[in-house]
1. When the dipole is taken about the Cα centre of the stretch B:167-212, and only Lys, Arg (+1) and Asp, Glu (-1) are charged at their Cβ, what size is it in debye, to the nearest 20?
2. On a 32 Å Cα-Cα criterion, which of the cross-link pairs B:LYS78/B:LYS209; A:LYS96/B:LYS209; A:LYS166/B:LYS209 come out too long?
3. For the stretch B:1-82, what is the accessible area per residue in Å² when the probe is 1.4 Å?
4. Heads up, I need the accessible area for B:LYS78: 1.4 angstrom probe, whole protein in place, Å², nearest 10.
5. Tell me which of B:THR135, B:VAL16, B:GLY60 sits at the most positive position along the dipole axis of chain B, charges placed on C-beta atoms (Lys, Arg +1; Asp, Glu -1).
6. List the residues whose amide H sits under 5 Å from the amide H of B:GLY301, counting only those 5 or more places along or on another chain, with H placed 1.01 Å from N in the peptide plane.
7. Can you give the convex hull volume per residue for the Cα atoms of chain A, as a whole number of Å³?
8. Counting only helical runs of four or more DSSP H residues, what would the 222 nm mean residue ellipticity of the protein assembly as shown come to if each run contributes -39,500 (n - 2.57) and the total is spread over all its residues?
Amino acid sequence: MDEWGVAMTLLLQEILNGIVVGSIYSLVALGLTLVYGVMEIPNFAHGHLYMLGAYIAFFLLTSAHFSYWPALLGAVVVLVVVGLLVERLVFNPLRKAPQVNAMIASVGVMLFLEALAQAIWGPNYLQMPTPYGNVLHIGALSVTQQQLLVVVAAIVMMVLLNLFLKRTMIGAAIEAVAQHREGALLVGIPSGRIAMLTFAIASGLAALAAVLVTPINLLFPAMGTMVIMKAFVIIVLGGMGSIPGAILGGYILALAESIGGAYISTNYQDLIAFAVLVLILSIRPAGLFARRA
Amino acid sequence: MKPQVWRRAGVSLLLVLGLALPLVVSNGYYQQVIVLAYIWAIATYGMNIILGYTGLLSLGQAGFFGVGAYTAALLMLKLNWNFWPALLAALVVSLVLGYLVAIVSLRTRGHYFAIFTMAVGVILNLVIDRWNGLTNGEVGLVGVPGPGSIGPVSLDSDLGKYYVVYVFLVVAVWIAWSLRHSLPGRALLAIRNSEDLAEAIGTPVMRFKRLAFVLSTAFAGVAGALFAGYMGYLGPDVTSINMTFNMLLYLLIGGIGSIAGPLLGALIVSFLTQFLQIFQDYQMLIFGPVLVLLIIFFPGGLASVPRLIRRRRARDHAAAVAMAEAAAIEGSGSAKEGA
């Protein structure tokens, strides 16, 4: 292969990695943006729900000897329940309080979940087993089965979610509350129940994303911190509350990171997201796509 | 006696208590716990100004703490500065950086402000953590000099360092108190209650928000410099967002917006963590839910307890008076009937 071919392969490999990471970013950001759209809460605990999902699946895989797919399903179900509980116990009582209070409460939930994971599973890095560890070669590119699975599953979920929101009554109700809370109440949509449902969906999505990607990465109690901060960058990038924005933003950020990391500096790779955020908010203080009022 | 006299006597008593504390608590380890609580309390006073007074959730505080700490430590280690000019430089750098961040971040509102400042905090943390050439990365800096000596009095002893930090704490509390009772302080409270209303009555909202933000970063920076000088070593951990969350915890437990809150919260949390094994092992398992419960049921924190008690007593008193009056009326009514 000539020099140009090597360079191209490297670039393609980075794009491939970016798409894998972007799929996860998009799923996490989707949940965050859904919750923000419906409840106007930037949920700092969302990344830790993601983390909890990974640990539940790990427990089911290693201690309860589930196979991969039942473990994934189990983690999603548990997180849906956890999401419902968090919404009822923490955010519902704060509906009428100042904005700052709900944010602080979500920080409390986040600290609790991280400590919980550490108390149960310890502070060490853990490896989640997967039956899809084989490496496939496409030309000069290499990709694991798990990476392919991440991309395919994420896209399937995005399509399903979109169908749910656009084609079902309940989905339409969620969108209605996101567009105008009082208006939705006026036409008889129970916004409290919609908030619960949204939170449950968001938590389930987070668990799904975590169980898909953790076999590639590692498992540790603070794994949600960086993810949630990047998800915030993504939804600011894509417009807070916007679903297409979250999907697109997730892929754009992941590609910027993997390509930037490869060509500029891997040491400062994590910095890219936050530099982008500061830049965007400096130029457009209400985000890239200010939400319609 | 007048209430002012009582208050003055109470403040004097507390000041003397603070002066006498290291003489009573001679155990070096306990002293360190107290001094560290003071240092974090100073940073939390900064957070109180921006969050408690002004109502803006700024999540970059630990980053500015780190800026102050590393500015002071690097000037002392690389350029052989003394502690005091290094501390002054830390103050200036965190002020200037805070001002620059304030200009851009305060154009955003609500959630965007919290997310923006969070990003600033993460950037500061990552730069400190990764810039191996300057900050020594994760290894950190060791051998940071202390405050030295003033004339014949050495401030590098445990006792000397205690009093240095103590003086800064007193100054921080004094600034927080005078700000609260000044015109700018009231403007900040007005902004917290309603930014639009404050704007409508002619408050230069942006200028006051900038003032609050810059003060908060300056407090954080000075606390950082004190931390570097006190500990003698410094790692990137103290600049992580978890430290910002700790300050939030101190503030919420002590009482957001109050004068005593930050110190009270920092002392209580530090002591519980140090002295109760159960808190040491499961710190956030307990404090996480505490944070949630406080914000839902008790958003004023501990500092609001006296007021709540007074209010309840006043209510009970009013109820008692009303009941007595009702009984009297009833009594006179039945007396009439009897007659």
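1. Values: 6 positive and 3 negative charges, 30 e Å.
Result for the stretch B:167-212 is approximately 140 debye, rounded to the nearest 20.
2. Numbers: B:LYS78/B:LYS209 35 Å; A:LYS96/B:LYS209 25 Å; A:LYS166/B:LYS209 42 Å.
Among B:LYS78/B:LYS209; A:LYS96/B:LYS209; A:LYS166/B:LYS209, the Cα-Cα distance tops 32 Å for B:LYS78/B:LYS209; A:LYS166/B:LYS209.
3. Values: 3650 Å² over 82 residues.
Spelled out: the 1.4 Å probe surface of the stretch B:1-82, per residue, equals 44 Å².
4. Spelled out: B:LYS78, probe radius 1.4 Å, area about 110 Å².
5. So the residue we want is B:VAL16.
6. B:ILE256
7. Given the Cα convex hull of chain A, per-residue volume reads 140 Å³.
8. Details: 26 runs with 469 residues, N = 632.
Rounded to the nearest 500, it is -25000 deg cm²/dmol.
The values are calculated or read from the model by the stated rules, or taken from the named source; none is laboratory data. Treat the numbers as computed from the prediction; the structure is a model and nothing was measured. Because the Cβ atoms are built from the backbone with ideal geometry, glycine has one as well, and the counts that use them run over all protein chains shown. Each accessible area value is taken on the protein alone, full model and side chains, heavy atoms only, with ligands, DNA and RNA left out. Shrake-Rupley method; radii C 1.70, N 1.55, O 1.52, S 1.80 Å.
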